[in-house]
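J.: There's a structure below that I have some questions on.
The values are calculated or read from the model by the stated rules, or taken from the named source; none is laboratory data. Being a predicted model, the structure only gives us computed values, none of them experimental. Neighbour counts are summed over all protein chains in view; Cβ atoms, including those assigned to glycine, are modelled from backbone coordinates with ideal geometry. Accessible surface areas use protein heavy atoms only, side chains included; no ligands, DNA or RNA. Shrake-Rupley method; radii C 1.70, N 1.55, O 1.52, S 1.80 Å.
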Amino acid sequence: MKQRAAALRQEPLADKIHRYRGAILVVSIPLLLVSFVFFLMPRSPATPLLSAGRKTVPGGGGAAADAGSKSYAVIFDAGSSGSRVHVYCFDEKLDLLHIGEEIELFIQIKPGLSAFAKDPQEAANSLIPLLDKAESVVPADLREKTPVRVGATAGLRALGAETSEKILQAVRDLLKGKSSLKFQDDWVSVLDGAQEGAFQWVTINYLLGNLGKTYSDTVGVVDLGGGSVQMAYAISEEDAAKAPKVTDGEDTYVKQLFLKGTKYYLYVHSYLHYGLLAGRAEILKAGDDYSTCILNGYRGKYKYGDEVYKALAAHSGASLSKCRSDAIKALKVDGRVCTHMKCTFGGVWNGGGGAGQKNLFVASFFFDRAAEAGFIDPKVPVAKVRPSDFEEAAKRACKLNVDDAKTTYSHVSVENLPFLCMDLVYQYTLLVDGFALDPHQEITLVKQVPYGDAFVEAAWPLGSAIEAASAV
């Protein structure tokens with residue numbers, strides 16, 4: 001952080017504000033410590049959701065923009081379920097440009113770094129195919145100026161500091177020895193949950209053209225990863241003032257952001273151990289030896305991190321109502337542990353609700369399971385649904401035995417199939433009981449966001465890339 005700040009100080013702040021006409025500063029309340037800085041130029045309004053895209057990329061640069069005005073950023077998302085690389089190209093205004101025919105390079109592999117807990121070198125080596133592809137799309141004369149960053153999320157956080165640091169150091173060594181991209185040791189790190197959630201919120205609202213508008217005109221974000229789930233949305237100044245104080249070492253509930261001349265109070269919280277894959281473990285621990293969340297006929301084990309759990313279907317098969325009871329126990333939806341006026345689950349303050357939460361964009365595993373369960377088209381990057389759709393899908397899935405489910409759900413992988421009932425029940429319970437959404441409230445499932453004539457992955461790395469590119 002000190003090195004980044006030093007780089008930014010090379011140009012007077014007033015000049016940068018003038019040049020970019022807007023700064024994004026994230027400040028922890030009540031400590032008022034700057035967490036990270038972005039700079040954005042105003043961009044033309046985003047194409048309306050699901051409407052026909054324009055034939056030029058916002059910013060006017062397009063694919064033919066002068067190479068001298070281009071900058072690139074390479075961001076690795078080292079998640080619990082897999083590793084992904086994003087490569088972005090920006091013009092001088094920090095509007096996105098095409099990379100070939102696409103607006104970004106996006107590739108993913110499985111498993112994630114946390115699967116190599118006992119072999120840090122193998123963890124690092126798993127990124128080599130992604131690194132090679134990423135470097136191949138960055139022009140040779142720009143590689144030494146192109147920052148590469150690796151942000152590890154909940155999967156590595158769950159391994160503990162010693163194990164995760166060994167893996168991160170192996171990744172640093174790999175980048176030093178193999179990559180021709182611009183690199184600093186502190187650019188390989190474990191993102192804290194609040195940072196991940198804030199990046200995600202900035203990403204989606206940037207792509208939708210919402211930055212600079214009032215907080216009530218922004219959208220909230222729920223991002224369900226493998227190891228954790230993040231919620232982030234803008235709240236009123238009055239609600240921000242009510243934020244509970246946290247103990248030392250904990251993330252504050254509210255961040256102050258200055259986005260394109262507008263101050264936002266961003267409620268953001270990351271729930272470690274409550275991502276989809278981690279949630280399975282919590283549900284298995286909360287239930288009996290024979291789980292009513294697992295499809296009938298399955299006898300096996302479930303591994304998450306270093307732990308292995310029995311995964312045995314109840315003799316009577318899966319039951320939506322009984323599984324929901326286990327999911328509620330796993331979420332700790334219990335008012336007795338809530339010391340604040342309004343809580344989500346596990347005693348966590350909910351931010352107070354309000355206009356910034358009325359339009360929710362729900363990403364990652366929510367989209368994936370909805371597509372696999374067949375109630376949205378996997379080829380459409382954005383879909384309007386309701387939490388009750390997850391419940392209806394669970395009713396259908398929970399009735400099946402594991403063999404019949406193979407035929408019915410041909411797009412679900414073999415390793416995920418026995419847990420399909422559990423996943424859908426958990427997602428419904430998380431939205432309705434955890435985050436207190438009305439079962440019939442319309443929400444937006446998002447995989448990619450329309451941007452000009454292209455689509456961009458709705459993921460936190462774009463926010464990180466903007467920060468990286470602005471600091472070059």
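J.: Any idea how far apart ASP119 and LYS133 come out in nm if each label point goes 7 Å out from Cα toward Cβ?
T.: Each label point is offset 7 Å from its Cα along the Cβ direction, giving 2.2 nm.
J.: Starting from the Cα gyration tensor of the stretch 178-288, take the square roots of the eigenvalues, sort them a ≥ b ≥ c, and report rounded, prolate or oblate (rounded when a/c is under 1.5, otherwise prolate if a/b is larger than b/c, else oblate).
T.: Oblate.
J.: Starting from the Cα of LYS178, draw a straight line to each of the lysines and keep only those under 23 Å, dropping any in the same chain fewer than 8 residues away.
T.: Partners within reach: LYS110, LYS118, LYS133, LYS145, LYS166.
J.: Using all C-alpha to C-alpha distances in the stretch 212-274, build P(r) with 10 Å bins and read off the rounded percent in each one.
T.: Using 10 Å bins, I get a P(r) of 21, 46, 29, 4 for the stretch 212-274.
J.: Let me ask another. Given LYS285/LYS406; LYS301/LYS329; LYS70/LYS93; LYS285/LYS395, which pairs have Cα atoms separated by over 19 Å?
T.: LYS285/LYS406; LYS301/LYS329; LYS285/LYS395
J.: Over the heavy atoms of SER464, what accessible area does a 1.4 Å probe trace out, to the nearest 10 Å²?
T.: We get 10 Å² for SER464.
J.: Next question, about the same structure. Rg over Rh of the stretch 161-229, using C-alpha atoms and the Kirkwood radius, what does it come to?
T.: 1.12
J.: Keeping every protein chain present and rolling a 1.4 Å probe, give me the accessible area per residue for the stretch 181-332 in Å².
T.: Per-residue value: 38 Å².
J.: When ligands, DNA and RNA are left out and all protein chains stay put, how many square angstrom of accessible area per residue does the stretch 366-472 have with a 1.4 Å probe?
T.: Value for the stretch 366-472: 35 Å² per residue.
J.: Can you send over the solvent-accessible area of LYS310, 1.4 Å probe, protein chains only, in Å² to the nearest 10?
T.: Roughly 140 Å² of LYS310 is accessible to a 1.4 Å probe.
J.: Can you give me the % of accessible surface on the stretch 171-313 that is carbon or sulfur? Probe 1.4 Å, all protein chains present, nothing else counted.
T.: 45 percent
J.: In addition: Please work out the FRET efficiency for the pair GLU237 and ASP186, using the Cβ-Cβ distance as r and a Förster radius of 35 Å; give the result to the nearest 0.05.
T.: For GLU237 and ASP186, the calculated efficiency is 0.60.
J.: How large is the translational diffusion coefficient of the stretch 343-462 in µm² per second when you combine the Kirkwood radius over alpha carbon pairs with Stokes-Einstein at 10 °C and 1.306 mPa s?
T.: Here the translational diffusion coefficient equals 103 µm²/s.
J.: I'd like the FRET efficiency for SER216 and SER321, computed as 1/(1 + (r/R0)^6) with the beta carbon distance as r and R0 of 35 Å, rounded to 0.05.
T.: 0.40
J.: Can you grab the distance from the C-alpha centre of the stretch 144-183 to the C-alpha centre of the stretch 246-291, Å, no decimals?
T.: With the stretch 144-183 and the stretch 246-291 each reduced to a Cα centre, they are spaced 23 Å.
J.: Using a Cα-Cα cut-off of under 12 Å, which aspartates and glutamates could be cross-linked to LYS358, ignoring same-chain neighbours fewer than 8 residues away?
T.: ASP217, ASP438, GLU442
J.: Follow-up question, since we're still on this one. Which net charge results for the neighbourhood of GLY374, defined as the other residues with beta-carbon distances under 15 angstrom from its beta-carbon, given Lys and Arg at +1 and Asp and Glu at -1?
T.: Around GLY374, the surrounding residues sum to -2.
J.: Of the accessible area of the stretch 325-394, with the probe set at 1.4 angstrom, what percent is carbon plus sulfur?
T.: So the carbon and sulfur contribution to the accessible surface is 51 percent.
J.: How much of TRP460 can a 1.4 Å solvent probe reach, expressed as accessible area in Å² and rounded to 10?
T.: Ignoring ligands and nucleic acids, TRP460 comes out at about 10 Å².
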